[in-house]
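**Student:** Take a look at this one; I'll ask things after.
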Amino acid sequence: MAKHRLIRALTPGTIRATLGATVIASAAFGAVVPAHADTPEQVGPASNAAVAQPAERPAAAANQRVNVTAQQVLDLARAQIGTSENAYGGGTKFQKWYASSQRAMETVKRDGGSPREYLNAAWCAMFVSWVGEQTGARPQVGWDAYTVAHARWFAANHRWGSTPKPGAVVFFSWSGSKSIDDINHVGFVVKDNGDGTISTIEGNTGNGRVEARVRPTSQVVGYGYPLYKG
């Protein structure tokens with residue numbers, strides 16, 4: 001059950017939101033409503049408190065090139081293809097890593113809830129963040145569990161655009177919207193196919209797996225550009 005967009009407001013015992021359907025977990029992370037990657041989002045608006053939160057602030061490290069190439073990032077992302085969530089939408093190493101990370105404490109302070117809730121939450125952004133961390137590219141790839149905040153971070157650091165490049169972080173809206181606020185999902189660009197589509201590697205797609213996909217560029221909101229080596 002692929003649950004893509006993590007809405008800002010995480011309330012205790014409730015993971016509000018995703019791609020394809022609203023996903024509600026019990027306090028003990030019980031049964032969830034299945035959601036799939038390629039259906040329009042049916043999630044209601046976030047709370048007023050969440051909407052009022054400011055965009056992510058620029059960070060000095062975000063403008064310092066890392067000693068990691070785009071190919072190294074894509075190679076590690078590709079090596080994760082086939083990794084799958086469990087029946088409850090959790091159990092991946094990406095979620096476990098994020099839940100125990102310093103960033104989880106920061107995003108919980110911003111969004112509410114507790115770090116434990118990330119264990120069964122939408123994990124497409126956690127996958128991208130994990131790849132950045134493991135390759136040493138995290139200062140450039142960024143790290144967040146919320147796709148909108150992740151995209152705003154790139155925009156705030158003036159590394160946001162509309163051209164697909166290998167290793168770029170690509171943000172999607174299934175409605176075709178070009179607004180960052182409407183982002184549903186995130187992954188890595190492998191290449192521009194030159195025919196109105198891009199090849200990607202994404203986490204939490206299909207039936208909750210890491211997969212290589214081909215996506216129409218009409219579904220792309222924008223691209224975040226890490227400053228890779230070379």
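**Student:** Please work out if Arg116 is open to solvent by 10 Å² or more (accessible area, probe 1.4 Å), free of Cβ contacts under 8 Å to residues at least 24 places away in the same chain and in contact with a helix residue (DSSP H, G or I) (Cβ under 8 Å, 6 or more places away or on another chain).
**Tutor:** yes
**Student:** State whether the residues of the range 126-135 include one that is among the aromatic types (Phe, Trp, Tyr) and either more than 13 Å from the chain's Cα centre (by Cα) or open to solvent by 10 Å² or more (accessible area, probe 1.4 Å) (or both).
**Tutor:** Yes - at least one qualifying residue is present in the range 126-135.
**Student:** Right, another one. Looking at (1) open to solvent by 10 Å² or more (accessible area, probe 1.4 Å); (2) of a type outside the set (Asp, Glu); (3) closer than 22 Å to Pro216 by Cα, which is the one condition that is false for His150?
**Tutor:** Only one criterion in (1) open to solvent by 10 Å² or more (accessible area, probe 1.4 Å); (2) of a type outside the set (Asp, Glu); (3) closer than 22 Å to Pro216 by Cα is unmet by His150, namely (1).
Residue by residue, here is whether (1) out of contact with any strand residue (DSSP E or B) (no Cβ under 7 Å at 6 or more places or on another chain); (2) polar (S, T, N, Q); (3) under 26 Å from Gln95 (Cβ atoms) holds:
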| residue | (1), (2), (3) |
| --- | --- |
| Lys165 | no, no, no |
| Phe172 | no, no, yes |
| Ser177 | no, yes, no |
| Val189 | no, no, yes |
| Asn193 | no, yes, no |
| Gly208 | no, no, yes |
| Val221 | no, no, yes |
| Tyr228 | yes, no, yes |
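**Student:** Continuing with the same structure: Looking only at strands (runs of 3 or more DSSP E) that fall completely inside the range 110-206, which ones have 2 or more residues that are closer than 14 Å to Pro226 by Cβ?
**Tutor:** Qualifying strands (runs of 3 or more DSSP E): 169-172, 185-192.
**Student:** Name the single residue that is most open to solvent (accessible area, probe 1.4 Å) among those in the range 73-108 being of a type in the set (Lys, Arg) and more than 24 Å from Leu227 (Cα to Cα).
**Tutor:** Checked the range 73-108; the qualifying residue most open to solvent (accessible area, probe 1.4 Å) is Lys96.
**Student:** Right, another one. Count, please, the residues in the range 200-225 that happen to be of a type in the set (A, V, I, L, M, F, W, C) and either closer than 13 Å to Ile183 by Cα or surrounded by fewer than 22 Cβ atoms within 10 Å (Cβ to Cβ) (or both).
**Tutor:** Qualifying residue count for the region: 4.
The values are calculated or read from the model by the stated rules, or taken from the named source; none is laboratory data. All values derive from a computational prediction rather than experimental measurement. Here the Cβ is made from the backbone with ideal geometry for all residues, glycine too, and neighbour counts use every protein chain on show. We work out accessible area using only protein heavy atoms, side chains counted, and drop any ligands, DNA or RNA first. Shrake-Rupley method; radii C 1.70, N 1.55, O 1.52, S 1.80 Å.
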